[in-house]
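Have a look at the structure below before the remarks.
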């Protein structure tokens, strides 16, 4: 199943946020969206996931999702969006409650998702008892439970410290390794984008337009090797040179706001 | 260091401990201080009463109040008055709360209900509900109904306001999360909005319990044969200040018990906080 951004534009009142965005996320592909602060990255992701109605254009799906997918487009949120009154396993089970699945089937899916994210021993824990990294693991576990075709990740590591980010990045690489699941990964962190994405969509300052779509010329497995570091760094510098001036302007704009 | 005042500082090799400056401004309370203070005030009050320093007609000693409560309990009058008040509070509070929760949720979840509901609530909430008692007596007759209706009205407005405020305060990211998983509206209300609004709803219960207590006493003072409010008024008319204060103490204990029950509810239902 492919996800297509088809000439998407969006305005908040008089403020133009996105301008004519078009690209395709092919099945199993990881696309990162980067750009200066306020360029509409998260807005674009909300539109792609059907949580926000664009002013013009539309997000579209091509092909059929895998038969076992319960929620083909599944978000992983920056602020985790966990139910504070529910335990880890209740949070992971939450998106399954309204489905036709039996209790045993739900339990099996929850078990599998908890195991894949290393949360089995924390199933009875409440979110407030967990560190930020573990909370985001619950968010990822909940997303995996519904067997998504495409993960929509909105700066999933930005609320975490650098060590936790590194650990979770390894988890993402592992989860996306087999190519069975695609992802749209919104981030302001170019290192994360270069490490994870097959293509990087670089947006301009508001209103966000596509400045360039950069292909990452190596497999995700290769990127973990020391020899790849230089190439990845060069790629990051290339992208940074595209957005640097606009990022400075955006920063000033934020400070004056 | 950006500014090194090396020129003006003198060389001093002695070490000094950095003075602690972070004391105070912590909302903590001592475990026993409150009880000790209360006991002290009662003791002083007792001494003042026993030694004749205070005229017992105006302020009877605590022992006299305890005696009055004991006599009331033994004669059966305590239960007669208390049960009448509890019944009125119970029924009135339940009716007001049920309607308030329903209307509060409707306002919190529906744009139309919000537009209409908030206008009416804003207009009617400031009215002291006890002022409506004569009108309610005209409508409902002289009986339990107008008293219960007064309490229900008082409870309704506070409940509706706390419920829709609670619904408004449910983090939008949780609702968006549920929508992103295609969770149906009714399930979002049941599994996200209700538990998310519960802290505000329970805080509202604390307020409505005291509103109900205030209104039952007021209503009973205006027109009732039995009830703690009626009893306090009668005692005042007869200058039986020990009986009067016994009624006040009973009301205070009743309020404390209700507060405790709400505390227990909060511990049970909001343990996740």
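The values are calculated or read from the model by the stated rules, or taken from the named source; none is laboratory data. From a predicted model like this one, the values you see are computed outputs, not experimental measurements. Please note: Cβ atoms are built from the backbone with ideal geometry, for glycine as well, and neighbour counts cover all protein chains shown.
Name the residue that is modelled with the lowest pLDDT, counting only residues in region A:68-113 that are surrounded by 23 or more Cβ atoms within 10 Å (Cβ to Cβ) and more than 22 Å from residue B:171 (Cβ to Cβ). Top of the filtered list is A:113. Checking each residue in region B:100-138 for being surrounded by fewer than 17 Cβ atoms within 10 Å (Cβ to Cβ), within 27 Å of residue B:219 (Cα to Cα) and more than 25 Å from the chain's Cα centre (by Cα) picks out B:134, B:135, B:138. The one condition from (1) surrounded by 20 or more Cβ atoms within 10 Å (Cβ to Cβ); (2) within 14 Å of another protein chain (Cβ to nearest Cβ) that residue B:97 does not meet is (2).
Looking only at region B:141-159, decide whether some residue is within 14 Å of chain A (Cβ to nearest Cβ), in contact with a helix residue (DSSP H, G or I) (Cβ under 8 Å, 6 or more places away or on another chain), exposed (fewer than 15 other Cβ atoms within 10 Å of the Cβ) and not in a helix (DSSP H, G or I). Looking through region B:141-159, none of the residues is within 14 Å of chain A (Cβ to nearest Cβ), in contact with a helix residue (DSSP H, G or I) (Cβ under 8 Å, 6 or more places away or on another chain), exposed (fewer than 15 other Cβ atoms within 10 Å of the Cβ) and not in a helix (DSSP H, G or I).
Per the listing A:30, A:17, A:34, A:25, the residue uniquely touching a residue at least 60 places away in the same chain (Cβ under 8 Å), away from chain B (no Cβ under 14 Å), in contact with a helix residue (DSSP H, G or I) (Cβ under 6 Å, 6 or more places away or on another chain) and closer than 30 Å to residue A:101 by Cβ is A:30. Contact annotation: residue pairs with Cβ atoms under 7 Å, 6 or more positions apart or on different chains, pairing a residue in region A:87-106 that is at the interface with another protein chain (Cβ under 9 Å from one of its Cβ atoms) and without any contact (Cβ under 8 Å) to a residue 24 or more places away in the chain with a partner that is outside any helix (DSSP H, G or I) and surrounded by fewer than 17 Cβ atoms within 10 Å (Cβ to Cβ), are A:98/B:184. Filtered by the rule that a residue be within 14 Å of chain B (Cβ to nearest Cβ), closer than 20 Å to residue A:29 by Cα and in a loop (DSSP other than H, G, I, E, B), region A:39-84 gives A:49, A:50, A:65, A:69, A:70, A:71, A:72, A:77.
All of (1) within 19 Å of residue B:103 (Cα to Cα); (2) at pLDDT 95 or above hold for residue B:203 with one exception: (2). Inspect all residues belonging to region B:134-146 and state whether any of them is free of Cβ contacts under 8 Å to residues at least 24 places away in the same chain and touching a strand residue (DSSP E or B) at 6+ places or on another chain (Cβ under 8 Å). Checking region B:134-146: not a single residue is free of Cβ contacts under 8 Å to residues at least 24 places away in the same chain and touching a strand residue (DSSP E or B) at 6+ places or on another chain (Cβ under 8 Å). Among the residues of region B:213-225, not a single one is within 28 Å of residue B:107 (Cβ to Cβ), within 14 Å of chain A (Cβ to nearest Cβ) and touching a residue at least 40 places away in the same chain (Cβ under 8 Å). Note on region B:68-93: residues that are crowded, with 22+ Cβ neighbours inside 10 Å and either within 23 Å of the chain's Cα centre (by Cα) or on the phi > 0 side of the Ramachandran plot (or both) total 7. Output yes when any residue across region B:187-196 is within 14 Å of chain A (Cβ to nearest Cβ) and touching a residue at least 40 places away in the same chain (Cβ under 8 Å), and no when none is. Yes.
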